[in-house]
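Note sheet for the following structure.
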Amino acid sequence: MFRFHSSLVSFTLKNFHAPIYHLRNQPNVIPSLKLLPKDYNVGIRFYVASKIALNTISDNPKAVKEKRRLGRGASSGRGKKCGRGSGGQKSRSGNSKPRRGFEGGQTPLHKAFPKMAHDPSIKKFTLLPLDRLQYWIDRGRIDPNRAKRRLGRGASSGRGKKCGRGSGGQKSRSGNSKPRRGFEGGQTPLHKAFPKMAHDPSIKKFTLLPLDRLQYWIDRGRIDPNRAVSMKDLLDTRCVHGVKKDGVKITGIGSEYLKTPITIEVAAADRKSIAAIEGVGGHITCRYYTPLSLRATLYPEKFWRIPRFGRPMKKRDIIYYSDPENRGYLADEKIRNELRAERVQKMLRKVQKQKKNFRFHQ
């Protein structure tokens with residue numbers, strides 16, 4: 001405890017061995033300080049000739065200083081910013097050195113460019129030369145007769161409790177290192193989360209036949225264009241591989257390759273294929289087939305008597321096969337012949353125009 005007066009300094013010391021404080025630049029100290037025995041409480045008074053200020057007392061240079069306390073108010077000298085400067089990355093705790101590849105917050109170079117697509121056809125192997133392998137065997141680093149590591153044989157074996165598989169989880173299970181395709185960790189997968197689309201019986205299922213394939217079969221001699229061609233002929237010559245439940249439909253793909261006039265009867269055809277067949281002088285008829293009539297057409301040898309062909313019952317089918325533009329078998333034959341003749345005349349005019357343009361350019 002210190003008490004300061006005009007010309008007086010009072011010390012109260014306990015367990016005094018040596019002076020803890022000393023007076024500096026004060027030559028007029030009357031008594032001299034002497035060491036006193038241990039555990040002896042004394043009171044010493046120094047009569048000083050002049051007035052002593054507070055700055056005349058300082059710490060002993062040999063005494064241990066306390067740890068500097070930061071963030072304890074502006075008056076402590078290390079209060080507001082604790083000696084770390086005016087902010088920034090280096091003033092953050094635990095971040096004196098940024099990680100490798102960090103560029104101050106901007107997009108780093110290894111993320112700025114897209115990754116190259118993985119090519120599954122490229123094999124990636126770790127190469128091992130035979131001379132290196134032999135060198136390791138000669139040095140005893142590799143034992144060619146080494147026994148297989150035995151797992152689960154007690155903790156002292158080093159592979160006892162968990163057998164090197166870690167602390168459980170999916171990868172520690174036997175036979176399940178790679179989950180099946182579509183597995184999402186146990187939750188309901190996406191292909192089961194949404195309901196299936198209901199089957200629409202109104203959707204027709206045809207076997208499609210492009211015109212270029214039909215012309216190729218004619219050129220190979222597998223189809224005779226001099227007689228009427230049915231779906232049975234197409235199936236027997238393997239022009240189509242299997243016929244779906246609603247029959248064969250001719251499409252206009254490759255219509256520019258069709259050069260041979262042909263008479264054919266199928267279940268359906270688009271407008272482009274009809275124009276191409278009739279444009280070269282052919283005939284096409286679209287007929288409705290029930291499952292029984294289709295089976296009797298394709299495999300007549302399985303029937304001891306060919307059944308009667310049923311007529312369409314749905315309004316959509318009745319409209320389609322009654323339309324002469326679709327060459328339906330229910331349409332008026334006279335109207336169909338008129339449309340066919342009109343189509344032939346249109347094609348002839350087109351051919352004559354092409355010949356005229358060809359002569360003009362010559």
Selection within the range 256-277 - surrounded by fewer than 21 Cβ atoms within 10 Å (Cβ to Cβ) and out of contact with any strand residue (DSSP E or B) (no Cβ under 7 Å at 6 or more places or on another chain): Glu256, Tyr257, Lys259, Thr260, Pro261, Arg271, Lys272, Ala275
Residue in the range 278-289 that is at pLDDT below 95, open to solvent by 60 Å² or more (accessible area, probe 1.4 Å) and over 51 Å from the mean Cα position of the chain (by Cα) present: yes
Single residue of the range 313-342 satisfying the filter (among the basic types (Lys, Arg) and either modelled with pLDDT of 90 or more or open to solvent by 60 Å² or more (accessible area, probe 1.4 Å) (or both)) that is farthest from Ala267 (Cα to Cα): Lys334
Residues satisfying the stated conditions in the range 162-202, i.e. in contact (Cβ under 8 Å) with a residue 12 or more places away in the chain and closer than 30 Å to Asp246 by Cβ: Ser202
Some residue of the range 67-78 being at pLDDT 75 or above, hydroxyl-bearing (Ser, Thr, Tyr) and surrounded by 11 or more Cβ atoms within 10 Å (Cβ to Cβ): no
Pair list, Cβ under 8 Å, 6 or more apart: the range 284-310 residue β-branched (Val, Ile, Thr), other residue in a helix (DSSP H, G or I): Ile284/Ser273; Ile284/Ile274; Ile284/Ile277; Ile284/Glu278; Thr297/Met231; Thr297/Lys232; Ile306/Ala296; Ile306/Pro300
Candidate set: the range 81-92, residues that are surrounded by 10 or more Cβ atoms within 10 Å (Cβ to Cβ) and touching a helix residue (DSSP H, G or I) at 6+ places or on another chain (Cβ under 9 Å); chosen: the one nearest to Gly104 (Cα to Cα): Arg84
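So that you can scan it fast, the table gives a plain yes or no per residue for (1) of a type in the set (Ser, Thr, Tyr); (2) out of contact with any Asp or Glu (no Cβ under 8 Å at 6 or more places or on another chain); (3) open to solvent by 80 Å² or more (accessible area, probe 1.4 Å); (4) at pLDDT 90 or above:
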site	(1), (2), (3), (4)
Thr188	yes, yes, yes, yes
Ala193	no, yes, no, yes
Thr207	yes, yes, no, yes
Arg213	no, yes, no, yes
Ile218	no, yes, no, yes
Test: residue in the range 153-174 that is closer than 30 Å to Thr290 by Cβ and of a type in the set (A, V, I, L, M): no
Identity of the residue in the range 135-150, among the aliphatic types (A, V, I, L, M) and surrounded by 10 or more Cβ atoms within 10 Å (Cβ to Cβ), that ends up farthest from Gly160 (Cα to Cα): Ile137
Test: Ser121 is open to solvent by less than 80 Å² (accessible area, probe 1.4 Å) and among the polar types (S, T, N, Q): no
Test result for Ser230, in contact (Cβ under 8 Å) with a residue 24 or more places away in the chain, open to solvent by 20 Å² or more (accessible area, probe 1.4 Å), within 46 Å of the chain's Cα centre (by Cα) and under 16 Å from His283 (Cα atoms): no
Out of Gly168, Gly164, Gly160, sole residue that is small (Gly, Ala, Ser), surrounded by fewer than 10 Cβ atoms within 10 Å (Cβ to Cβ) and part of a loop (DSSP other than H, G, I, E, B): Gly168
Residue selected from the range 233-250 under the condition touching a residue at least 40 places away in the same chain (Cβ under 8 Å) and of a type outside the set (D, E, K, R), by the criterion surrounded by the most Cβ atoms within 10 Å (Cβ to Cβ): Ile250
Selection within the range 172-198 - under 30 Å from Arg159 (Cα atoms) and among the polar types (S, T, N, Q): Ser172, Ser174, Asn176, Ser177
Test result for Arg132, open to solvent by 100 Å² or more (accessible area, probe 1.4 Å) and part of a loop (DSSP other than H, G, I, E, B): no
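The values are calculated or read from the model by the stated rules, or taken from the named source; none is laboratory data. This one's a predicted model, so the numbers in the text were calculated from it and none came from an experiment. In this analysis, Cβ positions are derived from the backbone assuming ideal geometry, glycine residues included, and neighbour counts consider all displayed protein chains. These accessible areas exclude ligands, DNA and RNA; they are computed on the full protein's heavy atoms, side chains included. Shrake-Rupley method; radii C 1.70, N 1.55, O 1.52, S 1.80 Å.
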